[in-house]
Amino acid sequence: MAIKIALFGLLFLWSPLVSPSSADEPFDVRQHLSTVSSYSAARASNSDGFEASKIPDDCSVVHLNLVARHGTRAPTRKRIKELDELAIKLESLLSDARHEAQGNVESLQRIPGWLWGWKSPWKGRLKGGELISKGEDELYDLGIRVRDRFPEIFSAEYHPDIYTITATQVPRASASAVAFGMGLFSGRGSLGPGKHRAFSVISESRASDICLRFFDRCQTYKEFRKNQEPAVDKLKEPVLHEVSSALVARFKLNFTKQDTASLWFLCKQEASLLNITNQACSLFSPYEVSLLEWTDDLEGFILKGYGKAVNYRMGVPLLQDVVESIEQAIIANEGNHVRGTFEKARLRFAHAETIVPFSCLLGLFLHGSGFEQIQREEPLELPPKPPLERSWRGSTVAPFAGNNMLVLYSCPANSTGNDRGKYYVQVLHNENPVPMPGCGNTDFCPFDVFKERVVNPHLKHDFNSICNVQLDTRRLQPEHPIPPSSNLNKLMKFFCWLLTGKSEAHSPKQKIEL
């Protein structure tokens, strides 16, 4: 026991030594909220230095594919209840602190004033999860920017077969599609002072939607996630313990790991939805925020991203839909069809559980040999623990209103100097060009190369073969739960054993709701 206590002390003292410094640039917690980040904060923090391709002037845009997440939404009913329970717990902790102080006012001064009498902003709400006005603005403004960026695509008169808009049957997704369409077609109709126009949004039944809600229809994925969630909780527990210990020492309030998880959730809701950063978020140091953000990103990587091939391979129907729409646009363009008589854009609105797998199918956010590894179905290492840099950040991969756009260009053969064909695909993530490892780390790729190197390796699998197979528990493990080459993660694994012992059943169940 003495050895364990000594090791814990060393690890606890070690953490501040590697905390990120705020001397170089100001720390903005709104850019560190993983998938709860607002779209504006995510775009502001996107500065990876990638230099976009210069598209020749004589290339013309032929077709646009958009896959977007819904905008900022209210917390779900389950989360609203959690915040109500947090208010009760905080009241009890403050009462205990007042009693222990025995009239010593100075001992209470370290407690932030906002905690006294705090009530959840969503107290009394019986429903949740809906798109809020901020989310409406995100999609409305995105629609305007997309139209302005690609005027040749959106110059035709509206017809539902020319501009196909689809959404899942979840209200926040369909509402996002409506907000986007209002921006996209603003000033193009005759309705009201804004000259809006009516447009069609199509939704597939939840029971059969394998294009945008494949994660709901894939039994293999459901089994994997159910079996893997306890292991993910165990990976996250050392960070929650470390941060809880720091909060207890700082404020002399007996916070548990579950309290810390709830306070972190409150921080994300306040900062992203209400633009409040001086309450729950101020409880945590920048380094503690980076650790908590990393645990969210870790969960997203393992359960929704590159952690297991089924996570993204179940999205093959969506990838097929994108490629088929591109091929149809090429056929129409080659046939010199009259402008405005064939589909110009296919616009889809869904969830982070849709965006994350689709990004993985494209090979985004991979470096070095990572793309070749997923093509060979080999494991990837987990995102490294702060302060090490990582490419996989939930705030970048799938913030609210996060999106991928695949833009099809037609280029004269002599304009590109490439003999692989005259059609090219450019990939934009959150409206910024991003490199595709499968296309030599360029964002502007010959379509046949894109199809051969990025798409076809995934198409050897189909949805039924991926999702309707019986797997034993051993095969449901992640591709690579702990990277053997990462000393930090080895230390984390040991630290997890050191701290948890037989108390794993009491681990807080803090899940990311996308």
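Taking region 19-159 as the region of interest, the number of lysine pairs whose Cα atoms are within less than 16 Å, with members eight or more places apart or on different chains, is 8.
Counting 0.36 nm for each residue step from Asn464 to Lys451 and taking away their Cα separation leaves a gain of 2.5 nm. Loop-located chymotrypsin sites (Phe, Trp or Tyr not before Pro) in region 73-131 (DSSP state not H, G, I, E or B) with no more than 16 neighbouring Cβ atoms inside 10 Å: Trp116. Solvent-accessible surface of region 106-145, averaged per residue with a 1.4 angstrom probe and all protein chains in place: 59 square angstrom. Rounded to the nearest 0.05, the FRET efficiency derived from the C-beta distance between Lys252 and Asp148 at R0 = 60 Å is 0.65. Normalised by the number of residues in region 63-128, the mean separation of alpha-carbon contacts (under 8 Å, six or more apart) gives a relative contact order of 54 percent. The charge dipole of region 291-437, taken about the Cα centre with unit charges on the Cβ atoms of Lys, Arg (+1) and Asp, Glu (-1), comes to about 260 debye, rounded to the nearest 20. Ranking Thr277, Thr166 from most to least accessible surface, computed with a 1.4 Å probe over the protein chains only, gives Thr277, Thr166. For region 23-175, just say rounded, prolate or oblate: build the C-alpha gyration tensor, square-root its eigenvalues into a ≥ b ≥ c, call rounded for a/c under 1.5, and beyond that prolate if a/b exceeds b/c, oblate if not. Since a/c reaches 1.5 but b/c is at least a/b, the shape of region 23-175 is classed as oblate. Modelled spin-label separation between Asp216 and Lys54, with each label point placed 7 Å from Cα along the Cα-to-Cβ direction: 4.7 nm.
The values are calculated or read from the model by the stated rules, or taken from the named source; none is laboratory data. The shown structure was predicted, so the numbers you read here are calculated from the model rather than taken from an experiment. Neighbour counts run over all protein chains shown; Cβ positions are idealised from the backbone, glycine included. When the accessible area is computed, the model is the full protein with side chains, heavy atoms only, and any ligands, DNA or RNA have been set aside. Shrake-Rupley method; radii C 1.70, N 1.55, O 1.52, S 1.80 Å.
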